[in-house]
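Okay, so here's the structure we're looking at.
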Amino acid sequence: MSTHPIQFARLYAAVLLLAVLAGACATPMRSAPHADLVELVDVIPDIQLDIKYATSDNFTGKVVYPEARCFLVRDAAEALANVQADLHPLGYRLKVFDGYRPLSVQRIFWSILPDPAYVADPAKGSRHNRGYAVDLTLTDLQGKEVAMPSGYDDFSERAHRDYLALPAEAIGHRAILEQVMVRHGFIPFATEWWHFDFKGYEDKPNLDVPFDKL
């Protein structure tokens, strides 16, 4: 059966409109890999942040984050809220140094310290690049940092989890932090007492989304 030219034009326009609408609906799906990242203060309003890479007080000696903000995938952020709740009765709180890290920043780190014992190769990516890693320490309830094995970004044996030539107080605080983090699904990193990965990171993509786009 033949189609009148006007009817054909209307049909073609309708099909074209549907295709455009379908494409518009599909766009959010393509941007979905970072849709699960949440700002930590939105989940834990009383969390203490000391985002070292937004300052020059880090191993690079320069500012590499434009803003002192912290993001994690929602499941990790909610698990961290449970960690904080468990620590309060023990007289402690959390202070966070770093969370999600754009892949472009990982490349900067690797160019300065290409040692996979401390910095992930950007060709493979870091759990930080997926929003599944957090760097943190303990403070007392007033926010004062307690004794720990070393400072942050200390790339020496003192930062290793099995290092024991330390004051008993520092070993005890390291153990408390590790025990509570593990209880809520976090995995300790062997060479950095402050670094924990959240379970389920293995098949997640590395992201390079700037903070102001989240």
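Nothing in this text is a laboratory measurement; each read-out follows from the coordinates by a stated rule. This structure is a prediction, so every number in the text was calculated from the model and none was measured. Here Cβ is always computed from backbone atoms with ideal geometry, including for glycine, and neighbour counts include all displayed protein chains.
Computed from phi, the 3J(HN,Hα) profile of the range 112-126 under the Karplus parametrisation 6.51, -1.76, 1.60 (θ = phi - 60°) reads 8, 9, x, 10, x, 5, 10, 10, 6, 5, x, 5, 9, x, 10 Hz, with x in place of Gly and Pro.
Applying the criteria of a DSSP loop state and at most 12 other Cβ atoms within 10 Å to the chymotrypsin sites (Phe, Trp or Tyr not before Pro) of the range 163-214 yields no site.
Near the amide H of Leu49, within less than 5 Å, lie the amide hydrogens of Val96, all on another chain or at least 5 residues away, with H placed in the peptide plane. A cut-off of 5 Å between modelled amide H atoms, ignoring neighbours fewer than 5 places along the same chain, links Asp36 with no other residue. For the range 133-214, applying the loop criterion from DSSP together with a ceiling of 16 other beta carbons within 10 Å to the trypsin sites (Lys or Arg not before Pro) yields Lys144, Arg161, Lys199. Anisotropy class assigned to the range 140-182 is prolate, per the alpha carbon gyration tensor with a/c at or over the 1.5 cut-off and a/b larger than b/c.
Normalised by 2.2 N^0.38 Å, where N is the number of residues, the C-alpha radius of gyration of the range 78-189 stands at 1.12.
The distance linking the range 51-128 with the range 151-214 is 10 Å (Cα centroid to Cα centroid, whole angstrom).
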